[in-house]
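J.: Pasting a structure here, questions to come.
The values are calculated or read from the model by the stated rules, or taken from the named source; none is laboratory data. All figures in this text were calculated on a predicted structure; none of them were measured in a lab. A quick note on method: Cβ atoms are made from the backbone with ideal geometry, for glycine too, and the neighbour counts reach across all protein chains shown.
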Amino acid sequence: MKARAVLVAVCVVLSMPPAAHGFTFGIELAPGVGIPVSNFIDGFPIDADLSAEMGQYFSNVALRFDLSNKPGFMGALFFLLEDFEIGYQPLVLPFHRATLTHIMFKDITDKYYVPVEALQDAGLIGTGDLSVDISGDLKPAVFHAFTFGYRFNLTDTAFRPYIPFAIGFALGRLEGDNLPGFILQMGLGAEYRFHGHWAAGACVRYNWVAVQNPRTLGSSVKELGIDQAAANQTLLGAAIESVQVVSVLATASYRF
């Protein structure tokens, strides 16, 4: 009877799924794609002479465009310590289209941008598509994020879903300019541990990246105030440019 009890106990132990914990340090590599769900940049300024196309009132105008982005590469390298993570995450966002949003008539005023909707309602410009394809005209926006986060594990088995949360420093780069800022992340991931120390899985994260607005590099607080008043923006909106990105990553990790 005792021998049988021992055999049963051994069989029960061997049939249990391996625990996900028991490792203190690890490295995770996660290549993937970043899918933008908002624009980067809003209010891109261009001075132009459109008198040949639209008449004398458009001879000296300042235009503002909202730039939209295509999906691009996003990856991650994480150093894992128990349930904590320290990560470096590059993001590349190519530009796709530019949509005209505001016009300033400099011969009349240099203090106010007119929304294109108002000009369309007045019949001064057409109501057609006011966007153009700019693929390849601008270098992609590149972001480098350095994050610190925590993974809330939902199970403690070989298959482990988790909820990651992270914050950190972000550095954007656009046309040679460095744009400091920050990043916030949260999402849902899962991994399966196999062959001892190895694990593979996937993770989806929502990323909010906010950096210095490239339009206001070198601007004083007074100049920022003038800029936001001209386009009817908040001061914060003139100083900071943000983008929301959903990242889809494939993960592979090794834990010691």
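J.: For segment 164-197, name all the residues that are loosely packed, with under 14 Cβ neighbours inside 10 Å, of a type in the set (A, V, I, L, M, F, W, C) and either modelled with pLDDT under 95 or farther than 30 Å from A239 by Cβ (or both).
T.: Hit for segment 164-197 is F194, nothing else.
J.: Looking only at residues in segment 101-124 that are out of contact with any strand residue (DSSP E or B) (no Cβ under 8 Å at 6 or more places or on another chain) and among the aliphatic types (A, V, I, L, M), which one is surrounded by the fewest Cβ atoms within 10 Å (Cβ to Cβ)? Don't jump to the end; show me each part of the working.
T.: Quick first cut of segment 101-124, residues out of contact with any strand residue (DSSP E or B) (no Cβ under 8 Å at 6 or more places or on another chain) only: 107-109, 111, 117-118, 120-124.
Narrowing further to those that are among the aliphatic types (A, V, I, L, M): 108, 118, 122, 124.
Values: I108: 12, A118: 12, A122: 9, L124: 15.
Taking the candidates together, the pick is A122.
J.: A further question on this structure: With the requirement that a residue be buried (at least 20 other Cβ atoms within 10 Å of the Cβ), of a type in the set (D, E, K, R) and closer than 22 Å to W208 by Cα, what does segment 53-96 give you?
T.: Correct list: E85 only.
J.: Also: Could you please let me know if I125 is aliphatic (A, V, I, L, M), without any contact (Cβ under 8 Å) to a residue 24 or more places away in the chain and under 26 Å from N69 (Cβ atoms)? Show your work before the answer.
T.: Values: aliphatic (A, V, I, L, M): yes; without any contact (Cβ under 8 Å) to a residue 24 or more places away in the chain: no; under 26 Å from N69 (Cβ atoms): yes.
Considered against the rule, which asks whether it is aliphatic (A, V, I, L, M), without any contact (Cβ under 8 Å) to a residue 24 or more places away in the chain and under 26 Å from N69 (Cβ atoms), I125 comes out as no.
J.: Of the conditions (1) part of a loop (DSSP other than H, G, I, E, B); (2) in contact (Cβ under 8 Å) with a residue 24 or more places away in the chain; (3) not hydrophobic (A, V, I, L, M, F, W, C), G136 satisfies every one except a single condition; which number is it?
T.: (2)
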